1. Mind checking the angle between helix 182-210 and the chain's longest principal axis? C-alpha axes, 0 to 90 degrees, to the nearest 10.
2. Expressed as a whole percentage, what fraction of the accessible surface of the chain belongs to carbon and sulfur atoms when a 1.4 Å probe is rolled over the protein heavy atoms?
3. If the cut-off is 24 Å between C-alpha atoms, which lysines fall inside it for residue 421, apart from same-chain ones fewer than 8 positions away?
4. Ignoring ligands and nucleic acids, what accessible area does residue 168 show with a 1.4 Å probe (Å², nearest 10)?
5. Given a Förster distance of 30 angstrom, what is the FRET efficiency for residue 54 paired with residue 415, based on the Cβ-Cβ distance and rounded to 0.05?
6. Which length gain, in nm to one decimal place, applies between residue 408 and residue 142 when the Cα-Cα distance is subtracted from 0.36 nm times their residue separation?
7. Taking 0.36 nm per intervening residue step and subtracting the Cα-Cα distance, what contour gain separates residue 239 from residue 201 on full extension?
8. Taking a label point 7 Å from the Cα of residue 85 along the Cα→Cβ vector, which residues of the range 310-349 have an amide N closer than 17 Å to it?
Amino acid sequence: MTALIYLMQWLALAIGASVIQRNLRIPMPVTLLGAVILGNHFNLPLFHADISSSTFDLLVLITLPLLIAVDAMKMEWPDIKNHGFSLFWTAGVSVFLAIGAGVLINHYVLVDYPIPLAGVIMLFAMLVATDPITVSAIFSTVEVPHQLKVLTEGESLFNDAAALIAFSLGMMALQEPNAITTGYVAQKICMVVGGAVIIGLIVGAVLSWAMKLSDEPFVEGGMILLAAYGSYAWAEHFHFSGILAIIVAMLFVSHRMRMFIANSDNALESAENNHNFKLFAYALTTKDNVHMIQNSVNFMALLAASALFISIGVLTDLETLWKYKSEIVMIFLATTLIRAGIMLKFAGMSRLTKKMHTVPMHWWGILTLAGSKGALSILMVHMIPASFEYKALFESIVVGNILLSILVYAPMLALIIKIFKTRFAQESLEDPSHH
């Protein structure tokens, strides 16, 4: 009976947060975290739940492939191709630049903690992994230029893989410092990335073939989810990037789906002229199916995201966070300034090359505040060995920065969008890729 009550509570919170987001423009993660943390603080029985660290890790592993798949399928290959250089910089190069900056300033931020270099790399790797849910929640209720959405959501999608690679290298250096060399790091990155891309392409190709065997949207949706989990498990088995494998597989199949739908009228006309309707019966998918697949998968992603943020709120120990309040705030300010500087550099670079879409300066604040953290950061901190003496510190810093990034960045992001509302609307109309 208790489990049923928790399920009802979870659904009620998810529905309520979604309604509030739609009507009051308050992002769903803000409502969920705020409600759960306040409920726990005031000992309201409704918010009592027993979620251990291992249970949370399992929840992340169950929901992460689903959330990554949904976000990846929203991206379009032409956007990736047109903004490839920009995304490589924001989601790849900038991750390692931010970690490097964190290493340089760490002694001025965490003064009282002689953390080894490998540990500092791990800490800042966890803090540069951004979560697209909060930003997508805000963008869903307002109109912003399509190019800006591609940059922010694309960065959040791809930089998780880069952050995980950096974190893994840091943890390996912590355990076997002599094994880490420049050549080893380069080889490891190539293997992790290359292996994930190959697996993603194979899974995407198989999924494209399999979807021709069914014309039921829910079956096709199930195939997509199976492919997402399969590519993640397969890649992680060989110690490749499971997140990148999902992204590649979903981008592959979504591109094939869009190509087919664009040519569906010609395919139908050909089938009619040849009196061979089997040609169309075994097509990849249909427009109606795509809409139903998207709606059903998006609904599942909404519930999954709600479960994650509710769990983060339940796991939050305010007393422990208060104990490390100075460290949490100092790291939050430091990472915010680092991100602001990197995005300012990115905006400046975009004006110097034709390979990048020019980033107006009023986009800079959006790009800076799009760096909200999420559940992946907590999953990484739980991967740290229990023997590491600073694990409790790292966990408090990570959880505290997740809360601050959501509760501080989100309102500021919404305010900036409101200030530039008219300008964004005009830019959306002038954007040739506007949908």
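1. Computed tilt is about 30 degrees.
2. 67
3. Within the straight-line limit of under 24 Å, residue 421 reaches these lysines: 74, 149.
4. Result for residue 168: roughly 50 Å² accessible.
5. Here the calculated transfer efficiency is 0.20.
6. Full extension of this stretch gives 93.9 nm more.
7. Stretched out fully, the residue 239 to residue 201 stretch lengthens by 12.0 nm.
8. 345-349
The values are calculated or read from the model by the stated rules, or taken from the named source; none is laboratory data. Here the structure is a predicted model, which is why all the values come from computation and not from measurement. Glycine gets a Cβ as well: all are built from the backbone with ideal geometry, and neighbour counts include every protein chain shown. With ligands, DNA and RNA removed, areas are computed over all heavy atoms of the protein, side chains included. Shrake-Rupley method; radii C 1.70, N 1.55, O 1.52, S 1.80 Å.
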